[in-house]
Amino acid sequence: MELAIPQPRIAPRSSRAKVGHFVGDVGYDGFAHFLAAYRTGMAGLPPFSALLDVPTSFGTVRAYRFDGPAGSGPPVVLLPGRNASTPMWRANLPGVLTGRTAYCVDLLGEAGLSVQEKPITGPDDQAQWLDETLAGLGLDAAHLMGVSIGGWTATNCAVRRPARVASLALLDPAMTFARIPLKTALVSGALFAPSVPEALRRRVLRWIAGGADADDSVPEAALISAGSSDFVLRSPMPKVFTDEQLRSLDIPVLAFLAGRSVIHDADRAAARARNLLPRGQVEFWADASHAINGEYPDEIAARSHRFWDDVA
């Protein structure tokens, strides 16, 4: 199926626009640069069976359906990390599809082929657009799987709009069980600063990914690098969930926490998840980094399928 390209929002980096947009400065076409990385990444995924642009109150959300076995129960909705979008699931989709149909969603307000039209002002708005997306996809029940900021997005929806969420599988979720350390917040700023040399940007990506290669030979790295340099975020910083919010999650939750993660204090995050989630299961993988989804795709798929089957 042909990859349809929406009309993106493009504005100068200096624009005061209140919605996320691709950089369009004199002599530089950020969307074209990002789209090249996106196309390369999509070519490495299994063929999708449907491409859907779902209208919501905050813009149009791009989603792809990848068909798994017939009659396999509620599908899995995959939510990517920051600056990533659907192609980041290259290592994970084959394992997920052995037992479930999957939908991949480009987060609204992030680099991808979703197009934001209205400002997202806080977590209520974030939950609303995702719930409206699930409704637009015709999903009365879905297992949400999110990595990093996608894990926060999934949890936020379950906290505020739980009706369509059957379960959560969270891959080293950011700002969910513990805060981002100050060092990580400061260093990560290099991903978004326009004047930062590309070599430094790649060093930051390698550090976050536990030392893994971050050059353009790795499609996911090229995608995230392009997203961080070509797209201007206008979404508010996520807030860590309160104890009361986590206790309110009356659905099964499987949390994969990476012992070498720089995105939070993994020990503290694991302890908080174990203490507060009423129906939580915590997998603490000491040797994993924040790039856990690419490091252990087969193990994550096997454990997740057992989890989803038990939920059913």
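In nm, to one decimal, how far is the modelled label at Ile10 from the one at Glu198, with both set 7 Å along Cα→Cβ?
2.0
For Trp129, Trp207, Trp89, what's the fewest-to-most ordering of other Cβ within 10 Å of each Cβ?
Values: Trp129 24, Trp207 18, Trp89 29.
Starting with the residue having the fewest Cβ neighbours, the order is Trp207, Trp129, Trp89.
Order of Phe177, Phe58, Phe22 from fewest to most other C-beta atoms within 10 Å?
Details: Phe177 30, Phe58 24, Phe22 21.
Ranking Phe177, Phe58, Phe22 by Cβ neighbours within 10 Å, fewest first, gives Phe22, Phe58, Phe177.
Can you sort Ser72, Ser148, Ser217, Ser304 from fewest to most other Cβ atoms within 10 Å of each residue's own Cβ? Can you show the working numbers first?
Numbers: Ser72 18, Ser148 28, Ser217 8, Ser304 24.
Fewest-to-most ranking of Ser72, Ser148, Ser217, Ser304: Ser217, Ser72, Ser304, Ser148.
Span-like helices, the chain: DSSP H, alpha-carbon axial extent 18 Å or more, mean Kyte-Doolittle 0.0 or greater, which ones?
For the chain, where a helix must reach 18 Å along its axis and average at least 0.0, the hits are 30-43.
Collect residues whose amide H, placed 1.01 Å from N in the peptide plane, falls under 5 Å from the amide H of Val147; neighbours closer than 5 in sequence don't count.
Leu79, Gly81, Leu171
Remind me, relative contact order of the chain in percent, using alpha carbon pairs under 8 angstrom and six or more residues apart?
Working: 673 pairs, mean separation 60.4, N = 312.
Once normalised by length, the contact order is 19 percent.
Could you go through segment 81-88 in sequence order and give the Karplus-derived ³J(HN,Hα) for each residue, using 6.51 cos²θ - 1.76 cosθ + 1.60 with θ = phi - 60°, rounded to whole Hz, and x for Gly and Pro?
For segment 81-88, the Karplus curve yields x, 4, 6, 10, 6, 3, x, 5 Hz.
Report, by chain and number, residues whose modeled amide H sits under 5 Å from the one on Gly20, excluding near sequence neighbours (fewer than 5 apart, same chain).
Arg234
Which of these, Ser228, Ser14, Ser85, has the largest mean-square fluctuation under a Gaussian network model of the chain (Cα springs below 10 Å)?
Ser14
Quick check: convex hull over the Cα atoms of the chain, volume per residue in Å³, rounded to an integer? Intermediate results must be reported in sequence, preceding the final value.
Numbers: hull volume 36.6 nm³, N = 312.
Convex hull of Cα atoms, per residue: 117 Å³.
As a check on your grasp of the helix formula, calculate [θ] at 222 nm for the chain: sum -39500 (n - 2.57) over DSSP H runs of n ≥ 4, divide by the residue count, round to the nearest 500.
Details: 11 runs with 110 residues, N = 312.
Only helices count here, giving -10500 deg cm²/dmol.
At R0 = 41 Å, how high is the FRET efficiency between His33 and Ala141 if r is their beta carbon distance? Nearest 0.05 is fine.
That gives a FRET efficiency of 0.60.
Since every read-out is calculated from the coordinates, none of them should be taken as a lab result. Since this is a predicted model, take the numbers as computed values, not measurements. Cβ sites come from the backbone with ideal geometry, for glycine too, and all protein chains shown count toward neighbours.
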